[in-house]
Amino acid sequence: MTDYHPMWEDLGMDIEAHDQLCAALPEAFGDTYLSQENRPENMAFYDYVVSEIHGIRPSELIEAQKNGQKVFGTFCVYVPDEIVIAADGIVTGLCGGSQFWVPAGEEVLPKNTCPLIKASVGARLGRTCPFFRIADIYVGETTCDGKKKAYEILAEDVPVYTMDLPQMKRDCDIEKWTNEIKSFKTKVEEVTGNEVTAENLGEAIKVVNEKRKALARVHEARKADIIPISGKDVLLMTQIAFFDDPVRCAEMANKLADELDQRIADGVGVFEEGTKRIMVTGTPMAIPNWKLHHIIETSGGAVVCEECCTGSRYYEHLVDETQTTLDGQIDAISRRYLRNNCSCFTPNPGRIEDILRLAKEYKVDGIINETLTFCTTYDIEGRSVEKACKEAGIPLLNVETDYSDDDAGQLRTRIEAFIEMLGA
Ligand code: BJ8
């Protein structure tokens with residue numbers, strides 16, 4: 001195994017603290033992932049990525065920077081990767097998913113802030129994540145209040161560009177978002193020194209669409225009666241997609257999808273017959289947050305679908321590839337991204353429609369609505385989700401959780417009871 005310490009030192013990381021994180025990850029990953037039986041062979045790639053998670057991809061990014069490319073760190077699925085890729089920039093997702101980073105975040109943020117925000121700020125300020133050190137610029141967005149204010153704190157330490165996302169979906173909002181993407185394009189051109197043209201943007205649209213199609217194939221394999229892959233494994237693939245090279249990401253996801261198609265044809269599943277099919281909806285699960293999926297899948301359930309940003313919102317809907325002018329392409333990008341239904345929008349009926357549609361498509365027995373603690377918009381929207389599920393006759397369990405293991409026992413008891421109830 002390569003020793004990445006010199007690279008981490010060059011990045012100005014807190015080596016001692018980071019070593020503690022590196023020491024804890026293999027055990028957590030082994031307990032959660034490697035204990036699973038009969039996993040698809042193509043998961044070996046994703047296991048390898050995790051085994052050197054702060055080494056392989058960071059060294060690739062540093063190499064690219066040496067060749068003049070710029071790295072853009074993002075925190076939200078509304079930020080259009082296509083614009084960055086068109087200008088020969090690289091996108092890397094930066095959302096923090098570990099409790100390890102929370103205390104450093106709490107040094108500058110109120111404790112009653114959502115763990116995703118605290119971990120993201122903590123990873124930067126605590127200097128314990130290479131991705132947060134490598135990014136030349138962070139791209140924020142005006143989604144929830146916590147993120148908006150956190151970007152101001154991050155901007156004291158690293159260049160931050162914030163996109164002004166509308167919170168409604170009227171025609172004037174689509175137009176506003178289109179203009180915002182145009183301003184972002186100007187910023188990206190300034191940072192990279194490369195012009196975005198109809199030609200390179202057309203190519204970038206295809207690259208990201210291919211990635212979406214490949215990820216969708218893997219997710220959709222779980223629609224089969226015999227479930228060929230665990231929800232945990234699909235979650236891992238999706239989490240890694242946020243920071244991997246998009247072309248390699250599509251290639252590896254397509255290989256995995258081919259294997260899953262073969263498994264379905266051969267009748268090879270990873271769960272016992274009759275295992276309850278669960279959809280998870282709610283807040284995103286940034287790597288290495290595997291807590292809820294692990295509890296569900298060791299409590300008699302199988303996660304077959306995620307209606308969230310580390311699930312359907314990341315791969316559904318393609319950007320129209322038929323546009324040939326920059327204006328037409330940017331309008332198409334704007335419309336595709338605004339098809340995402342985050343709870344920061346008001347009203348947000350699209351999310352309810354998505355949940356009910358996906359529940360049918362994936363033949364789910366029950367839904368678990370997950371909210372990260374102190375995420376007000378998802379918490380409040382839980383009421384509409386509950387009402388819609390009740391009307392549709394779909395059993396629902398609401399859970400609120402954070403990144404710590406403190407509530408794992410209690411969560412397991414509630415989830416076991418919910419799954420048992422589904423079988424009754
Ligand atoms: S599009 S879900 S990635 S904003 S969980 S930080 S909302 S308080 S992450 Fe998100 Fe974009 Fe929406 Fe998706 Fe705030 Fe809630 Fe925390 Fe959240």
**OP:** Being farther than 24 Å from Ser183 by Cβ, under 22 Å from the mean Cα position of the chain (by Cα) and away from the ligand (no atom under 16 Å from the Cβ) narrows it down to one of Tyr362, Tyr403, Tyr378, so name that one.
**Re:** Tyr362
Original post:
Any idea which residue in segment 108-125 is nearest to the ligand (Cβ to nearest atom), counting only those that are assigned to a loop (DSSP other than H, G, I, E, B) and over 20 Å from Trp290 (Cβ atoms)?
Top reply: Thr113
Original post:
Give me the pairs: first residue in segment 138-151 and among the hydrophobic types (A, V, I, L, M, F, W, C), second residue near the ligand (Cβ under 7 Å from one of its atoms) and assigned to a helix (DSSP H, G or I), beta-carbon distance under 7 Å, and six or more apart or on different chains, which are they?
Top reply: Cys144/Thr377; Ala150/Ile117
Original post:
Among the residues of segment 2-18 satisfying the criterion of being in a loop (DSSP other than H, G, I, E, B) and in contact (Cβ under 8 Å) with a residue 24 or more places away in the chain, which is surrounded by the most Cβ atoms within 10 Å (Cβ to Cβ)?
Top reply: Met13
Original post:
Is segment 111-123 home to any residue that is surrounded by fewer than 24 Cβ atoms within 10 Å (Cβ to Cβ), in contact with a Leu (Cβ under 9 Å, 6 or more places away or on another chain) and over 19 Å from Asp405 (Cα atoms)?
Top reply: no
Subject >> Flag if Thr162 is surrounded by fewer than 22 Cβ atoms within 10 Å (Cβ to Cβ), free of Cβ contacts under 8 Å to residues at least 60 places away in the same chain and within 11 Å of the ligand (Cβ to nearest atom) >> reply: no
Original post:
Considering segment 397-420 alone, what residues qualify as being in a loop (DSSP other than H, G, I, E, B) and in contact (Cβ under 8 Å) with a residue 40 or more places away in the chain?
Top reply: Asp402, Tyr403, Ser404, Asp405
**OP:** Name the single residue, out of those in segment 198-222 being farther than 17 Å from Asp81 by Cβ and touching a helix residue (DSSP H, G or I) at 6+ places or on another chain (Cβ under 8 Å), that is surrounded by the fewest Cβ atoms within 10 Å (Cβ to Cβ).
**Re:** Ala198
**OP:** Give segment 33-42 a look and list any residue that's farther than 20 Å from Gly93 by Cβ and in contact (Cβ under 8 Å) with a residue 60 or more places away in the chain, or say none.
**Re:** Gln36, Glu37, Asn38, Arg39, Pro40, Glu41, Asn42
Original post:
Tally time: how many residues in segment 408-424 are under 24 Å from the mean Cα position of the chain (by Cα) and surrounded by fewer than 16 Cβ atoms within 10 Å (Cβ to Cβ)?
Top reply: 2
**OP:** Select from segment 86-110 the residues that are of a type in the set (A, V, I, L, M, F, W, C) and surrounded by fewer than 22 Cβ atoms within 10 Å (Cβ to Cβ) and list them in ascending order.
**Re:** Val108, Leu109
**OP:** Name the single residue, out of those in segment 318-342 being without any contact (Cβ under 8 Å) to a residue 40 or more places away in the chain and within 16 Å of the ligand (Cβ to nearest atom), that is nearest to Gln167 (Cα to Cα).
**Re:** Asn341
Original post:
Any residue in segment 132-143 that is among the acidic types (Asp, Glu), out of contact with any Ser or Thr (no Cβ under 6 Å at 6 or more places or on another chain) and within 11 Å of the ligand (Cβ to nearest atom)?
Top reply: yes
**OP:** Evaluate the following for Lys149: is it surrounded by fewer than 18 Cβ atoms within 10 Å (Cβ to Cβ), more than 29 Å from Leu318 (Cβ to Cβ), within 14 Å of the ligand (Cβ to nearest atom) and of a type in the set (D, E, K, R)?
**Re:** yes
Original post:
Assuming Gln167 fulfils every condition listed in (1) in contact (Cβ under 8 Å) with a residue 40 or more places away in the chain; (2) more than 17 Å from the chain's Cα centre (by Cα); (3) within 16 Å of the ligand (Cβ to nearest atom); (4) surrounded by 20 or more Cβ atoms within 10 Å (Cβ to Cβ) apart from one, which condition is it?
Top reply: (4)
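Coordinate-derived values only; no laboratory data. This structure is a prediction, so every number in the text was calculated from the model and none was measured. Every residue, glycine among them, receives a Cβ derived from its backbone with ideal geometry; neighbour counts consider all protein chains shown.
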